[in-house]
Amino acid sequence: MNTPRYRRVLLKISGEGLCTPGTTGIDGGQLRRIAAEIKLVVDLGVQVCVVVGGGNIVRGSAIAKQTPIEEATGHYMGMLATVINALAVQDTLESLGVPTRVQSALAIESVCEKFIRRRAIRHLEKGRVVIFAAGTGNPFVTTDTGAALRAAEIHADVLLKATKVDGVYTADPVTDASARRIERLNFNEVIDQRLRVMDLSAVDLCQRNAVPIVVLDLNRPGNMRGVVLGEGIGTVIGAD
Ligand code: UDP
């Protein structure tokens, strides 16, 4: 049965997901793999939007610590990095025949659209993948918060948080062989136990707007499609 569980999904990919582990920049192979995963879901008739991070290029707090750059400036640089990544994801999706639009929280009018909520929803209804760039448009927060914000305002049925592991574990699965995957958590457990799934402000926004989060490994082919078809992949974070 190929009946999607969700009508509209928001995928959050970090900048690190666009490069090979331990490096920076943008890797063509990673881009193609991610775009292929997204296309599998678009082909189900599901509306998809994407929030991209920028950590493969600049993180505001890190660059401010290492240079004379003011922290707020560093954050704006980080937001601009997400625009670079959004353009990379856009062209890769379009090379697969998937129509897209990039909408940025910061106005860069010769490069992409400015974020307009109603327009974004219209693009989604027309079957275009909307890539949201520049996070929230404000410094001192991250693209996780941007993802939660966009998910709430465009009425996404779920926020898919792509990570390096296929869900939330009882311990670090890399170092602890007894670690097991947790299938389901409620928002309060994540917040109270300070589980490092997403920024707490993002989890809080999702809780207040009843947007469930699914933590999944996007590097496993078919995983995103599997989540959308309700195949019990990853960890679901929701209300009780
Ligand atoms: N950023 C920001 N405001 C936002 C989103 C991002 O200032 O709403 C900056 C922040 O400096 C962050 C950088 O952009 O470190 C890159 O985003 P993020 O760290 O979330 O990227 P990811 O870790 O997902 O690759």
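Selection over region 166-186 of residues that are within 17 Å of I237 (Cβ to Cβ) and without any contact (Cβ under 8 Å) to a residue 40 or more places away in the chain gives a count of 3. Of all residues assigned to region 9-16, at least one qualifies as being near the ligand (Cβ under 10 Å from one of its atoms) and closer than 19 Å to G226 by Cα. Remark: pairs (first residue in region 42-65, free of Cβ contacts under 8 Å to residues at least 12 places away in the same chain; second residue outside any loop (DSSP other than H, G, I, E, B); Cβ separation under 9 Å; 6+ apart in sequence or on different chains) = D43/R225; A64/E71; A64/A72; A64/T73; A64/G74; A64/H75; K65/E71; K65/G74. Screening the candidates T92, T73, T82 for the property of being closer than 27 Å to G28 by Cβ, in a helix (DSSP H, G or I) and either within 9 Å of the ligand (Cβ to nearest atom) or more than 20 Å from the chain's Cα centre (by Cα) (or both) yields one hit, T82. Filtering region 123-148 down to residues that are among the hydrophobic types (A, V, I, L, M, F, W, C) and either more than 21 Å from L87 (Cβ to Cβ) or loosely packed, with under 15 Cβ neighbours inside 10 Å (or both), which residue is nearest to the chain's Cα centre (by Cα)? Once the filter is applied, the top-ranked residue is A148.
Yes/no per residue for (1) at pLDDT 95 or above; (2) among the charged types (D, E, K, R); (3) over 25 Å from G55 (Cα atoms):
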site: I154; (1), (2), (3): yes, no, no
site: V158; (1), (2), (3): yes, no, no
site: P173; (1), (2), (3): no, no, no
site: R180; (1), (2), (3): no, yes, yes
site: M198; (1), (2), (3): no, no, no
site: R208; (1), (2), (3): yes, yes, yes
site: N223; (1), (2), (3): yes, no, no
site: G232; (1), (2), (3): no, no, yes
site: I237; (1), (2), (3): yes, no, no
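One residue stands out among those in region 76-102 that are without any contact (Cβ under 8 Å) to a residue 60 or more places away in the chain and small (G, A, S): the one that is surrounded by the most Cβ atoms within 10 Å (Cβ to Cβ), which is G78.
So that you can scan it fast, the table gives a plain yes or no per residue for (1) touching a helix residue (DSSP H, G or I) at 6+ places or on another chain (Cβ under 6 Å); (2) among the aromatic types (F, W, Y); (3) modelled with pLDDT under 95; (4) within 12 Å of the ligand (Cβ to nearest atom):
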residue: I69; (1), (2), (3), (4): yes, no, no, yes
residue: Q103; (1), (2), (3), (4): yes, no, no, no
residue: F115; (1), (2), (3), (4): no, yes, no, yes
residue: R118; (1), (2), (3), (4): no, no, no, no
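Only residues that are closer than 20 Å to A35 by Cβ and more than 14 Å from the ligand (Cβ to nearest atom) were counted in region 120-149, giving 8. Filtered by the rule that a residue be small (G, A, S) and loosely packed, with under 14 Cβ neighbours inside 10 Å, region 12-41 gives G22, G25, G28, G29.
The values are calculated or read from the model by the stated rules, or taken from the named source; none is laboratory data. Only a predicted model underlies this, so the values are computations on that prediction, with no experimental measurement involved. All Cβ positions, even for glycine, are placed from backbone atoms using ideal geometry, and neighbour counts span all protein chains on display.
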